[in-house]
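Engineer: Provided herewith is a single structure, encoded as structure tokens, for subsequent inquiry.
What follows is calculated from the coordinates using simple rules that are stated; it is not laboratory data. What you are looking at is a predicted structure, and each value in this text was computed from that prediction instead of being measured. Because the Cβ atoms are built from the backbone with ideal geometry, glycine has one as well, and the counts that use them run over all protein chains shown.
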Number of protein chains: 2
Amino acid sequence: MRYTRVSVGGRAVWGRVGEEDIELLSDSPIEGDPTVIGEVPIATAHWLPVVVPPVFYAVGYNYPRHIAHARAETPTRPEVGYRANNALTGHRTPIVKPVGVEGRFEAEPELVAVIGRTLRRATYKEAQEAIFGWTIGNDISARTWQHQDRTFWRSKNSDTFKPMGPWIETDVDALAQTTTLRVNGEVRASFPTGDMVFDPFDHIVEITRHITLQPGDVLWMGAESTCQLEPGDTVDIEISGIGVLSNPVQLEGNPS
Amino acid sequence: MRYTRVSVGGRAVWGRVGEEDIELLSDSPIEGDPTVIGEVPIATAHWLPVVVPPVFYAVGYNYPRHIAHARAETPTRPEVGYRANNALTGHRTPIVKPVGVEGRFEAEPELVAVIGRTLRRATYKEAQEAIFGWTIGNDISARTWQHQDRTFWRSKNSDTFKPMGPWIETDVDALAQTTTLRVNGEVRASFPTGDMVFDPFDHIVEITRHITLQPGDVLWMGAESTCQLEPGDTVDIEISGIGVLSNPVQLEGNPS
């Protein structure tokens, strides 16, 4: 199944994605058993971030080639950081490059695990069973700010810096897929989605030693490659078996 | 007014705090105009974190004496980091010290601003007007983990590491108050709440240059002092004009 959220009359509504339409649901499918209350055509849907997580977890260095490129040390245990919900935006909505951002303004294509149940002190098997589904994240970074600031607050969490979508796919072997990053249709990166130092379940086991995961929490799994974005570009991230997350890039104050 | 949330029959319910009772409310008072649907005695209330924020902001170095003590550099502009909602716990609920935490396990008494409206590119005056009210936070840190880890994930965000309460006070000049930290009734720190490098409104102006603040977001303002906690202690943080946030400390797996 593919679940998402769309804006209908200004209201956020869960939906189940079909071939041409999105069936609108009475409630979140993550915990409940919602009923169908309507439908909208996919062609005109206003896509929202697939979920607003109670906590937004993000893994840093997790792909060997990324670590080598950054001359970083390979993690010896899973660790996790945080991103902020204000930065989330949906499929097909613009990534806004703030006025004043100089230097590298980059996309990172990431697999995202969506947690389906409350979880503490999970085994690896329990971690596998706790996944509701998988989606795609684009971890936008303004590198000059990243280096100037004490935290990642504006470099990674300015409004629209975290596209997530287009939907949550519940039936896929996510780690057996290929992640492909395209800018204006041209392939800029392609790598095995599962080529990670520690996989999502390793991370969940470690996180839940100290932390209770909650339904709807998201865990962004890091990226192997980054690429530069310019206003006017369209950036697509495809993970085979899941879908394509597509977003145009705009300069702040210049929506055309 | 004093607003909080309590657990009633396992459900989180907003309340308005009176002398002896908490009037239960139909909805959040932050955006709506809720009606009274019942009441519970304060004496037996099960206090919850006063709000579950869309985003949980936390200021680091912000008090001159803390900065001098840590030999840190005084910030030249407001910056902000993040904490995680799983770590929130309410007034009178235990702070659980995890098995395996060695070394310093410390409390930090913090003023917390609760945002009342959607806000972007705020002026200082708009920032002042956007505050719904003020509460108290205890920023618990396991220092050895803080130094060992790449992020603050478990050192500052393990379950129960972020007590917040007892209520949101809407009618107080928060920056004119005194913050007092007591362990087992003994004063361990006391400082002017408003003696900050950058005040909450300075931070909101800077944050909203890049980020949309949302109703219910919280901004923890940092602390001047820290103090060590041991299992068996009770830690109270008082901010005059707001109230007292009190939490017992327990060792994990040992609730007595």
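Engineer: From the label point of A:ILE37, set 7 Å from Cα along Cα→Cβ, how far away are the matching label points in the other copies, in nm, ordered shortest to longest?
Structural biologist: Nearest first, the other copies' label points are 1.7 nm away.
Engineer: Only Cα pairs under 8 Å and at least 6 apart count here; give the relative contact order of the stretch A:108-148 as a rounded whole percent.
Structural biologist: Relative contact order comes out at 53 percent.
Engineer: Provide an ascending nm list, one decimal, of label-point separations from A:THR118 to the equivalent residue in each further copy; define each label point as 7 Å from Cα along Cα→Cβ.
Structural biologist: 3.2
Engineer: Since chains B and A are linked by a rotation, which residue in B has the beta carbon closest to its axis, and how far is it in Å?
Structural biologist: Residue nearest the B-to-A axis, with distance in whole Å: B:TYR82, 2.
Engineer: Sorting A:MET221, B:MET164 on the 10 Å Cβ count, fewest up front, what's the list?
Structural biologist: The most exposed by this proxy come first: A:MET221, B:MET164.
Engineer: B:ALA12 versus B:ARG65, label points 7 Å from Cα toward the beta carbon: distance in nm?
Structural biologist: 3.4
Engineer: Can you put B:HIS66, A:HIS147 in order, fewest other beta carbons within 10 Å first?
Structural biologist: On the way: B:HIS66 20, A:HIS147 10.
Fewest-to-most Cβ neighbours within 10 Å comes out as A:HIS147, B:HIS66.
Engineer: Next up: Could you tell me what % of all Cα pairs in the stretch B:1-106 have separations over 19 Å?
Structural biologist: 60
Engineer: Related question: Give the separation of the Cα centroids, the stretch B:153-172 to the stretch B:1-78, in Å.
Structural biologist: If you average the Cα positions of each part, the centres end up 8 Å apart.
Engineer: Taking each label point as 7 Å beyond Cα in the direction of the beta carbon, state the distances from B:MET1 to the same residue in the other copies, shortest first, in nm.
Structural biologist: So the distances to the same position in the other copies read 3.9 nm.
Engineer: Over the alpha-carbon set of chain A, work out the extent along each principal axis and list the three values in angstrom, largest first.
Structural biologist: Sorted from largest, the Cα extents of chain A read 49, 49, 31 Å.
Engineer: Tell me the Kirkwood radius of the stretch A:108-161: reciprocal of the mean inverse pair distance over distinct alpha-carbon atoms, in Å.
Structural biologist: Every distinct Cα pair counted, the radius reaches 13.4 Å.
Engineer: Here is a further query. Tell me the net charge near A:PRO64. Cut-off is 10 Å between Cβ atoms, A:PRO64 excluded, with +1 for each Lys or Arg and -1 for each Asp or Glu.
Structural biologist: Around A:PRO64, the surrounding residues sum to -1.
Engineer: Now, a different point. If eta is 1.002 mPa s and T is 20 °C, what Stokes-Einstein diffusion coefficient results for the protein assembly as shown, Kirkwood Rh from Cα pairs, in µm²/s?
Structural biologist: 91
Engineer: Roughly how crowded by other chains is peptide A:203-209, in terms of the mean Cβ count from those chains within 10 Å of each of its Cβ atoms? Don't skip to the answer; put the middle values down first.
Structural biologist: Values: counts 0, 0, 0, 2, 4, 2, 4.
Per-residue shielding by partner chains comes out at 2.
Engineer: Give, as a single signed number, the net charge of other residues whose beta carbon lies under 15 Å from the beta carbon of A:ARG77, with Lys and Arg counted +1 and Asp and Glu -1. Don't skip to the end; give the middle numbers.
Structural biologist: Details: positive: A:ARG209, B:ARG150, B:ARG154; negative: A:GLU73, A:GLU79, A:ASP199, A:ASP202, A:GLU206, B:ASP149.
Residues near A:ARG77 contribute -3 overall.
Engineer: Within the stretch B:1-108, report the GluC sites (Glu not before Pro) that DSSP leaves as loop and that have at most 16 other Cβ atoms within 10 Å.
Structural biologist: B:GLU19, B:GLU20, B:GLU31, B:GLU73, B:GLU102
Engineer: Tell me, what is the percent relative contact order of chain A, built from C-alpha pairs under 8 Å that lie six or more residues apart?
Structural biologist: About 26 percent, as a whole number.
Engineer: Work through the residues other than B:ASP236 whose Cβ is under 13 Å from its Cβ and net out their charges, Lys, Arg +1 and Asp, Glu -1. Could you put the intermediate results ahead of the total?
Structural biologist: Numbers: positive: B:ARG92, B:ARG182, B:ARG188; negative: B:GLU186, B:ASP233, B:GLU238.
Around B:ASP236, the surrounding residues sum to 0.
Engineer: Same structure again: Mind checking the stretch B:64-100 for trypsin sites (Lys or Arg not before Pro) that DSSP puts in a loop (not H, G, I, E or B) and that have at most 10 other Cβ atoms within 10 Å?
Structural biologist: Those satisfying the criteria are B:ARG71.
Engineer: Please give the calculated 222 nm ellipticity per residue for chain A, where each DSSP H segment of at least 4 residues contributes -39500 (n - 2.57) and the sum is spread over every residue; nearest 500 deg cm²/dmol?
Structural biologist: -3000 deg cm²/dmol
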